[in-house]
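The values are calculated or read from the model by the stated rules, or taken from the named source; none is laboratory data. On a predicted model such as this, the values are computed, not experimentally measured, just so you know. Glycine gets a Cβ as well: all are built from the backbone with ideal geometry, and neighbour counts include every protein chain shown.
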Amino acid sequence: MELQTQRRLRQELLDFIDNRSTDYASDVMRVDPAVYYDPDYLKEEFEVVFGDNPVIVAHHSELTEPGDFLTVDVAGTPLIVVRQDDGSVKAFANACRHRGAKVELAESGRRRMFACPYHKWCYSRDGGIRSIPFDDGFVGLDRNEVGLVEYPAVEYAGFIWSKAKPGTELDIPAYIGSELEKDVVASKVADAKLYQKRTFHLDMNWKVVMDGFTDAYHLQFVHPETVGPFFHTNIYKCDIYDKNWRMTVARRGVVDFRDSDLTDGEFPKYAIAGLQFYPGNIIARAPAHFEVWAIRPNPEDLSKCVVTLWFMVDELPVSDKAKRFREKNWEIVLKAVEGEDWVVAKTVTDVLPHSNVPDLFFGRNEKATQHLHQTIARDIEAARAKEATA
C-alpha cells in the first residue's frame, strides 16, 4: 500500500494498543444460525453471491505456454482456462456443443486442441470448432455457432480471475476499487513467485472459513503457539470500500516502530494487511511471503467448501538455508489453518444444525465479519426485491 496509508495505519494501531481498544462496528450484530446450514438459504446465497462475482482460479505461472490449461469449477460451472497463442487467457465451459459431454477430463496439461471423448468433436485453443467426424451428418450447421461457450477471464496482479456468467465483462480494477487497487499494485504481488499451491476440500460452509479470516479476536486463543504470539489479539483496523475491505492486524513489533521514520517496505514487520475481495478472495502480505486465498462453496454440497491457497515469495529459495526457512513458514501456515482454525470451524458445522441456538452474536470488535455477513444479506435482499418486481 502507499506509504501515506502505511503511516496512517501504524498510528491507528498504536492508538488502539495505547487505549486498549480496536476498530469497532456501531453495534452488536445478530445472525440467524440457519445461514450456515439451511439448504434453501445456501442455494439462494450460492446463486446470488457467487453467480456474478469473480473468483481467483489460477496463478499465471500455472499457464506459461500457449495451450496450457486448467480445468476449474467456478460457482458450479466447469470451465477450461487456457493460455492463448497471443499470451492472453480465455475460459470456456467444459461442455461439448454436440451432446454436452465434458470436453477435457484432465486437471491440467497442454493441448494443441481439445477433443471431446464422446464423438471426438475437436475445438481449437480459442474455443472455435475445429473438426466434426462424419460431418456430412451435420450439413447446414453453422460452425460459427458451435464453438465452446466463452466465460470471462482476465489476468490481473499475476492471477487469473473468472466468473460464472458468460457474455459479461470482467474489470478487476473496477471490482476491487481504486483504493485497494493502489494496495495491490504497491504490494508487488504481481511479481511474486509461486512457491506452493494447495487446494483443500473442507466439510464446512464457506462462511465459517471466511469468518476466521475476518477475525483478529481469536488469535491468542486458537493459535497460542503458531501465529498467535506474533500478533496483538483483538487489535486491528478494518477499512471498508463498498463490498471489499482491508483488514490490518497489529504485529507485536509495531511498538518498535512507534517513533521511527517509517520507510516503504517496512509495513509487514509491524502489521499484516489482508486485502479481502468479496465474497472470498484474499491477498495477504506477511513479512516473508504472500498468501492468496480463494474460498468458495462446494457446488456439489453447499454445506461444504473448496479453499485454494497460493503461497507466494519474492524470490524462490536456492540455498538449503533459504529452502528450510520457506518450508518452515509454509508449515506454520498449514498448521495454523488445518490444525487449529479449521478444527474449531468444524465444530461450528457439526453443532449449529442440532443445537437449537436461536441467534449468534457478532461483536462490535468483529467489524470485518459483520461487514461480510451484512453484504451477503444485502445482496440476497436486493435479488429478492428484483425478482418480486420482475
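Looking only at residues in segment 275-293 that are under 20 Å from A174 (Cα atoms) and crowded, with 22+ Cβ neighbours inside 10 Å, which one is nearest to the chain's Cα centre (by Cα)?
The selected residue is N281.
Which one is farthest from I172 (Cα to Cα) among residues in segment 115-160 that are among the acidic types (D, E) and without any contact (Cβ under 8 Å) to a residue 60 or more places away in the chain?
Our first condition is that a residue be among the acidic types (D, E); within segment 115-160, this holds for 126, 135-136, 142, 145, 150, 155.
Restricting the remaining residues to those that are without any contact (Cβ under 8 Å) to a residue 60 or more places away in the chain gives 126, 135-136, 142, 145.
Values: D126: 22, D135: 41, D136: 44, D142: 34, E145: 29 Å.
Per the stated criteria, the residue is D136.
If you go through segment 5-52, how many residues are part of a loop (DSSP other than H, G, I, E, B) and either of a type outside the set (G, A, S) or farther than 12 Å from K237 by Cα (or both)?
Step one: list which residues in segment 5-52 are part of a loop (DSSP other than H, G, I, E, B), which gives 20-28, 32, 37-38, 50-52.
Checking which are either of a type outside the set (G, A, S) or farther than 12 Å from K237 by Cα (or both) leaves us with 20, 22-24, 26-28, 32, 37-38, 50-52.
Residues in segment 5-52 being part of a loop (DSSP other than H, G, I, E, B) and either of a type outside the set (G, A, S) or farther than 12 Å from K237 by Cα (or both): 13 in total.
Test of understanding: among K367, K335, K304, K321, which residue is over 26 Å from V31 (Cβ atoms) and either touching a Gly at 6+ places or on another chain (Cβ under 6 Å) or surrounded by 15 or more Cβ atoms within 10 Å (Cβ to Cβ) (or both)? Outline the logic, then answer.
Numbers: K367 fails: over 26 Å from V31 (Cβ atoms); K304 fails: over 26 Å from V31 (Cβ atoms); K321 fails: either touching a Gly at 6+ places or on another chain (Cβ under 6 Å) or surrounded by 15 or more Cβ atoms within 10 Å (Cβ to Cβ) (or both).
The match here is K335.
Inspect all residues belonging to segment 254-264 and state whether any of them is within 21 Å of N365 (Cβ to Cβ), in a strand (DSSP E or B) and either under 20 Å from the mean Cα position of the chain (by Cα) or assigned by TED's automatic domain parsing to the domain that holds T226 (or both).
Step one: filter segment 254-264 for residues within 21 Å of N365 (Cβ to Cβ), giving 254-255.
Right, trim to in a strand (DSSP E or B) and you get none.
Among the residues of segment 254-264, not one is within 21 Å of N365 (Cβ to Cβ), in a strand (DSSP E or B) and either under 20 Å from the mean Cα position of the chain (by Cα) or assigned by TED's automatic domain parsing to the domain that holds T226 (or both), which makes the answer no.
Can you confirm whether F221 is over 21 Å from A368 (Cβ atoms), in contact with a strand residue (DSSP E or B) (Cβ under 8 Å, 6 or more places away or on another chain) and modelled with pLDDT of 95 or more?
Numbers: over 21 Å from A368 (Cβ atoms): no; in contact with a strand residue (DSSP E or B) (Cβ under 8 Å, 6 or more places away or on another chain): yes; modelled with pLDDT of 95 or more: yes.
For F221, the condition - over 21 Å from A368 (Cβ atoms), in contact with a strand residue (DSSP E or B) (Cβ under 8 Å, 6 or more places away or on another chain) and modelled with pLDDT of 95 or more - is not met.
Would a scan of segment 115-129 turn up a residue that is touching a strand residue (DSSP E or B) at 6+ places or on another chain (Cβ under 6 Å), within 30 Å of D301 (Cβ to Cβ) and not in a loop (DSSP other than H, G, I, E, B)?
No; the residues of segment 115-129 include none that is touching a strand residue (DSSP E or B) at 6+ places or on another chain (Cβ under 6 Å), within 30 Å of D301 (Cβ to Cβ) and not in a loop (DSSP other than H, G, I, E, B).
This table checks each residue for (1) buried (at least 17 other Cβ atoms within 10 Å of the Cβ); (2) in a helix (DSSP H, G or I).
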| site | (1), (2) |
| --- | --- |
| P133 | no, no |
| D136 | no, yes |
| Y195 | yes, no |
| V208 | yes, yes |
| Y217 | yes, no |
| E225 | no, no |
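Checking the condition of a type in the set (A, V, I, L, M, F, W, C), buried (at least 17 other Cβ atoms within 10 Å of the Cβ) and in the same structural domain as K43 (by TED's automatic domain parsing), which residue from L360, L352 passes? I'd like the intermediate steps shown before the answer.
On the way: L360 fails: buried (at least 17 other Cβ atoms within 10 Å of the Cβ).
Going through L360, L352 in turn, just one is of a type in the set (A, V, I, L, M, F, W, C), buried (at least 17 other Cβ atoms within 10 Å of the Cβ) and in the same structural domain as K43 (by TED's automatic domain parsing): L352.
Do any strands (runs of 3 or more DSSP E) entirely within segment 268-347 hold 3 or more residues that are touching a Ser or Thr at 6+ places or on another chain (Cβ under 8 Å), and if so, which?
Values: elements: 271-277, 281-285, 290-298, 301-313.
In segment 268-347, 271-277, 290-298, 301-313 are the strands (runs of 3 or more DSSP E) which contain 3 or more residues that are touching a Ser or Thr at 6+ places or on another chain (Cβ under 8 Å).
Looking at (1) on the phi < 0 side of the Ramachandran plot; (2) outside the structural domain of P317 (by TED's automatic domain parsing); (3) at pLDDT 95 or above, find the lone condition where G127 falls short.
(1)
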